[in-house]
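Take a look at the structure below.
The values are calculated or read from the model by the stated rules, or taken from the named source; none is laboratory data. Worth saying up front: this structure is predicted, and the values here are computed from it rather than measured. Cβ sites come from the backbone with ideal geometry, for glycine too, and all protein chains shown count toward neighbours. Quick note on the areas: whole protein, heavy atoms, side chains included, nothing else; ligands and nucleic acids left out. Shrake-Rupley method; radii C 1.70, N 1.55, O 1.52, S 1.80 Å.
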Amino acid sequence: GAGVSQSPSNKVTEKGKDVELRCDPISGHTALYWYRQSLGQGLEFLIYFQGNSAPDKSGLPSDRFSAERTGGSVSTLTIQRTQQEDSAVYLCASSLQSSGNTIYFGEGSWLTVV
Amino acid sequence: AQSVSQHNHHVILSEAASLELGCNYSYGGTVNLFWYVQYPGQHLQLLLKYFSGDPLVKGIKGFEAEFIKSKFSFNLRKPSVQWSDTAEYFCAVRGTGFQKLVFGTGTRLLVSP
């Protein structure tokens, strides 16, 4: 596609429920990133994919968070048993390859846990 | 590990004023440096980037940044701001050998007409 596409754009969920956030990267981009932007905070790195593998998942805050990527394209970020502190904008980004190229961001998925 | 520090959290300027936003990074090796901008209600967009070569980098909308290796800095500048420059600005660094971008906490710029 023309840009990084994320869905849903907004999600309100009850504490304790599981949520899935989807990212469709720019066509041909092999590197995919998930970041989190909380109110008043900067962008916090969560996980990086190269193809379908995740060589760096060091930013995932707890084992409630997981992500997968299939077919070298679409990625899903799953948050289990959501907590109020999970409320944030979850940003997906992609690039042609992991280094030496610009990273392009999607518009984000705004998650509110009530 | 890489880290980025943005000194100004909030900046308020009048139109036509000059802008300089500070960015310092911590990493001992070669780096790629970026400035991203997020306009109200919009997604992050690349403003400019430095990979190698001329340390003075020019980006979109009249912005420029200078990489000073000895100071580990990559400050963003614009000679004359406009109301439409109101946005949040993020500095980011990627050390060679790393894949992820590490971002600063951002600077909110408000330009009053």
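What the table shows:
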| item | result |
| --- | --- |
| Selection within the stretch A:67-114 - hydrophobic (A, V, I, L, M, F, W, C), open to solvent by 50 Å² or more (accessible area, probe 1.4 Å), within 14 Å of chain B (Cβ to nearest Cβ) and in a loop (DSSP other than H, G, I, E, B) | A:96 |
| Evaluation of residue B:108 against (1) more than 13 Å from every other protein chain (Cβ to nearest Cβ); (2) basic (Lys, Arg); (3) under 12 Å from the mean Cα position of the chain (by Cα) (one fails), failing number | (1) |
| For residue B:51: the one exception among (1) open to solvent by 40 Å² or more (accessible area, probe 1.4 Å); (2) in contact with a Lys or Arg (Cβ under 6 Å, 6 or more places away or on another chain); (3) within 14 Å of another protein chain (Cβ to nearest Cβ) | (2) |
| Candidate set from the stretch A:55-66 (those that are assigned to a strand (DSSP E or B) and within 11 Å of another protein chain (Cβ to nearest Cβ)); member that is surrounded by the fewest Cβ atoms within 10 Å (Cβ to Cβ) | A:55 |
| Residue within the stretch B:91-102 that is more than 11 Å from chain A (Cβ to nearest Cβ), farther than 20 Å from residue A:94 by Cβ and in contact with a strand residue (DSSP E or B) (Cβ under 7 Å, 6 or more places away or on another chain) present | no |
| Enumeration of residues in the stretch B:88-101 that are within 16 Å of residue B:75 (Cα to Cα) and either of a type in the set (A, V, I, L, M) or open to solvent by 40 Å² or more (accessible area, probe 1.4 Å) (or both) | B:92, B:93 |
| Within the stretch A:20-31, considering residues that are at pLDDT 95 or above and surrounded by 19 or more Cβ atoms within 10 Å (Cβ to Cβ), the one farthest from the chain's Cα centre (by Cα) | A:25 |
| Criterion: at positive phi and in contact (Cβ under 8 Å) with a residue 40 or more places away in the chain - qualifying residue of B:34, B:103, B:90, B:72 | B:72 |
| Odd one out for residue B:82, checked against (1) in contact with a strand residue (DSSP E or B) (Cβ under 7 Å, 6 or more places away or on another chain); (2) within 28 Å of residue A:48 (Cβ to Cβ); (3) of a type outside the set (Phe, Trp, Tyr) | (2) |
| Odd one out for residue A:52 among (1) surrounded by 14 or more Cβ atoms within 10 Å (Cβ to Cβ); (2) away from chain B (no Cβ under 14 Å); (3) touching a residue at least 40 places away in the same chain (Cβ under 8 Å) | (3) |
| Extreme residue, nearest to residue B:72 (Cα to Cα), among residues of the stretch B:7-44 that are of a type in the set (S, T, N, Q) and at pLDDT 95 or above | B:24 |
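Matching residues to (1) in contact with a Cys (Cβ under 7 Å, 6 or more places away or on another chain); (2) modelled with pLDDT of 90 or more:
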| site | (1), (2) |
| --- | --- |
| A:4 | yes, yes |
| A:39 | no, no |
| A:52 | no, yes |
| A:59 | no, yes |
| A:86 | no, yes |
| A:90 | no, yes |
| A:94 | no, yes |
| A:101 | no, no |
